Amino acid sequence: MSERLAREIASCRLCADHLPHGVRPVVSFSPTARLLIIGQAPGSKVHESGIPWDDASGDRLRDWTGLSRDVMYDPAQVALVPMGFCYPGKASGGDKPPRPECAPQWHGRVLEKLPRDRLTLLVGSYAQAHYLPATRRLSLTDRVRQFREFLPATLPLPHPAWRSAIWMRQNPWFAAEVLPELRTLVRQAIR
């Protein structure tokens, strides 16, 4: 069952030697979640709270998707599965990349618990590089602009960090074309 897998993930120490702030896997899922959001890795605030997307990026992602906090944090409706489950620490210009051990160790086991007819949001370049490997030569902007090519099962999105406000000003088509369709697809997935 998914409870046993969740306990295994919570006790994971696979990359503990590489985590300067300690191990605290942050992931949420259940066998009924028809919306899957795959991001990169928890930031420092999420590491502290233990709640996925519990920061300004999460606020922006909820705005983009039209999800309320209650729905987003209901694992029966929404699975929140980052590429790396633990906070990797700081690097110059932001956080370090997700640890490479995590997704190969856990993603297959988590995804097999989820419904096959789900919508998967690939948030940021790490998730897109892993799950859309044929598009690695494309920029994140090009992948997001071509979002319709990945539907109905998958939708690539930029990471909703503070820098995305600059990106959105440079790419007004995102708010005009992607966000309305994203909100419609999310509503359909969580019905």
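Tabulated results
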quantity: Subset of region 28-45 that is over 21 Å from LEU114 (Cβ atoms) and not in a loop (DSSP other than H, G, I, E, B) - its residue that is most open to solvent (accessible area, probe 1.4 Å); calculated: LYS45
quantity: Hits in region 91-107 - residues which are without any contact (Cβ under 8 Å) to a residue 40 or more places away in the chain and assigned to a strand (DSSP E or B); calculated: ALA91
quantity: Failed item, numbered, when ILE51 is tested on (1) part of a loop (DSSP other than H, G, I, E, B); (2) open to solvent by less than 40 Å² (accessible area, probe 1.4 Å); (3) out of contact with any Gly (no Cβ under 6 Å at 6 or more places or on another chain); (4) over 16 Å from LEU119 (Cβ atoms); calculated: (2)
quantity: Residue satisfying all of: in region 55-69; open to solvent by 40 Å² or more (accessible area, probe 1.4 Å) and not in a helix (DSSP H, G or I); nearest to ILE166 (Cα to Cα) among these; calculated: GLY66
quantity: Residue that is modelled with the highest pLDDT [pool: residues in region 1-35 that are farther than 14 Å from HIS47 by Cα and basic (Lys, Arg)]; calculated: ARG34
quantity: Entirely in region 108-191, the helices (runs of 4 or more DSSP H) that have 3 or more residues that are more than 30 Å from SER2 (Cβ to Cβ) and open to solvent by 50 Å² or more (accessible area, probe 1.4 Å); calculated: 164-170
quantity: Given (1) surrounded by fewer than 18 Cβ atoms within 10 Å (Cβ to Cβ); (2) at pLDDT 95 or above, number of the condition ALA91 does not satisfy; calculated: (2)
quantity: Pick from region 70-88, criterion among the small types (Gly, Ala, Ser) and part of a loop (DSSP other than H, G, I, E, B), ranking: most open to solvent (accessible area, probe 1.4 Å); calculated: ALA76
quantity: Pairs with Cβ under 7 Å, 6+ apart, first in region 124-145 and over 20 Å from ALA103 (Cβ atoms), second open to solvent by 80 Å² or more (accessible area, probe 1.4 Å) and of a type outside the set (D, E, K, R); calculated: none
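Residues are listed down the side, and each one gets a yes or a no for (1) touching a strand residue (DSSP E or B) at 6+ places or on another chain (Cβ under 6 Å); (2) without any contact (Cβ under 8 Å) to a residue 40 or more places away in the chain:
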{"residue": "ARG13", "(1), (2)": "no, yes"}
{"residue": "PHE29", "(1), (2)": "yes, no"}
{"residue": "ARG60", "(1), (2)": "no, no"}
{"residue": "PRO75", "(1), (2)": "yes, no"}
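The values are calculated or read from the model by the stated rules, or taken from the named source; none is laboratory data. Everything numeric here is computed off the predicted structure, so don't read it as measured data. In this analysis, Cβ positions are derived from the backbone assuming ideal geometry, glycine residues included, and neighbour counts consider all displayed protein chains. These area figures cover heavy atoms from the full protein model, side chains too; ligands, DNA and RNA do not enter into them. Shrake-Rupley method; radii C 1.70, N 1.55, O 1.52, S 1.80 Å.
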